[in-house]
């Protein structure tokens, strides 16, 4: 191997190492409340503000049947709002230099949110590659608060747990705001969808840090999740 | 100390939160009548620990001698692990009496509350609220 080739190989390896490091090292620069967001959290409480539904929203909610229409019974996470309403499985937040990982134990949702100034949400990658119906997200910080904007969510069920039978259109835009304070974290989610809601739907979550917590595999199988299995036997 | 008190107050207030954990496990509240309990005695045919809900299958002998199957739904496997519920005390083949909240729609289904095991032990699950309280207090969950 020529000296030039060897030098190029070493340089390429160094570049790759720096790239990999940048994507795996937590955002060391984060301090204060931003840094406190990192960790594993369990739901302490949630509160959905009274939804103001359009006639389409009222009609969809009236027709909702929890045993037939709940996507979770097919192992499909309906939305992040629905995922976060499940009390037992925790969520994990890991801030990187240019992205945030949010890992939800429920339904094994693994989310990557780019922190890139100027990136339009329509140009962002799918936020959970396994579940493209959950849309595209971009994030940024507003002071100590992590703010995530999401669009491109597929029309369908929005929530089956906090307020069962809420629906979303593909025009919905969602803003999530995460702020930590020691062992507590507040998450406020605002869904703006004029097709189903007369005014934005706001959901509040309070989380509690789970010391030493780990996200476990969920491994949901549709044939084990649906209530149809009891009828078929 | 102060932090523990604050968290305890938050937990108490959370119980009053509309749409919060009072309605948690909507599928449980919606599917099962939590105002009623039913004791079902039978032989354990299957124990399946899984997500989103675990399941115990019982073979129940009816008064006429015929055998029917009753399904008992329970918490997700991950939650049972975190709450250190001693599920391994129950075995396939055991004759047990399980206290359940009956399904609102299906006569062959209920939601686990407690189980009386062959040796007289009562197997119970403190539930998510007790687990969450133990996390808040920095204590070990005990039922």
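Each reported figure results from applying straightforward, stated rules to the coordinates on display, with no laboratory input. Keep in mind the model is a prediction, meaning the values are calculated, not measured. Ideal geometry is used to build each Cβ from the backbone, glycine not excepted, and the neighbour counts take in all protein chains shown.
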Averaged over residues of A:80-87, the number of beta carbons from other chains lying within 10 Å of each residue's Cβ is 3
By the Cα gyration tensor axes a ≥ b ≥ c (a/c under 1.5 gives rounded; else a/b larger than b/c gives prolate, otherwise oblate), the shape of the range A:119-179 is oblate
Percent of all alpha-carbon pairs of the range A:81-163 at distances over 14 Å, whole number, is 64 percent
Whole-Å distance linking the alpha carbon centroid of the range B:104-143 with that of the range A:60-92 is 23 Å
Computed over the range A:54-128, the Cα gyration tensor eigenvalues, each multiplied by 5 and square-rooted, give semi-axes in Å (largest first) of 29, 18, 9
For the pair residue B:68 and residue A:116, the simple spin-label estimate (label points 7 Å beyond Cα toward Cβ) gives in nm 6.0 nm
Helix-only [θ] at 222 nm, chain A, -39500 (n - 2.57) per DSSP H run of 4+, per residue, nearest 500, equals -6000 deg cm²/dmol
Taking alpha-carbon centroids only, the range B:39-85 lies from the range A:151-173 a number of Å equal to 33 Å
In nm, the gap between the two label points placed 7 Å beyond Cα toward Cβ at residue B:94 and residue B:34 is 2.5 nm
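Calculate, for residue A:31 and residue A:192, the FRET efficiency according to 1/(1 + (r/R0)^6) with r their C-beta to C-beta distance and R0 25 Å; round to the nearest 0.05. Mind showing how you got there, number by number?
Values: r = 32 Å, r/R0 = 1.27.
Computed FRET efficiency for residue A:31 and residue A:192 comes out at 0.20.
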Extension length gain for residue A:175 and residue A:54 (0.36 nm per residue less Cα distance), in nm, is 41.5 nm
Across 10 Å bins beginning at 0, the whole-percent shares of Cα-Cα pair distances in the range A:26-232 come to 9, 35, 38, 16, 3, 0
Compactness summary of the range B:26-137: radius of gyration and Dmax from Cα atoms, Å, are 14.0, 52
Restricting to Cα pairs under 8 Å and 6 or more apart, the percent relative contact order of the range A:26-232 works out to 28 percent
Pseudo-spin-label distance residue A:140 to residue A:217, built 7 Å along Cα→Cβ, given in nm, is 4.0 nm
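Residues of B:74-84, mean number of Cβ from any other protein chain within 10 Å of their own Cβ, rounded to a whole number?
On the way: counts 0, 1, 8, 4, 11, 6, 1, 1, 8, 1, 0.
The shielding value for this peptide is 4.
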Expected max-MSF residue from A:207, A:64, A:126 in the GNM of chain A (alpha carbon, under 10 Å) is A:64
FRET efficiency for residue A:63 and residue B:107 from the Cβ-Cβ distance with R0 = 30 Å, rounded to 0.05, comes out at 0.70
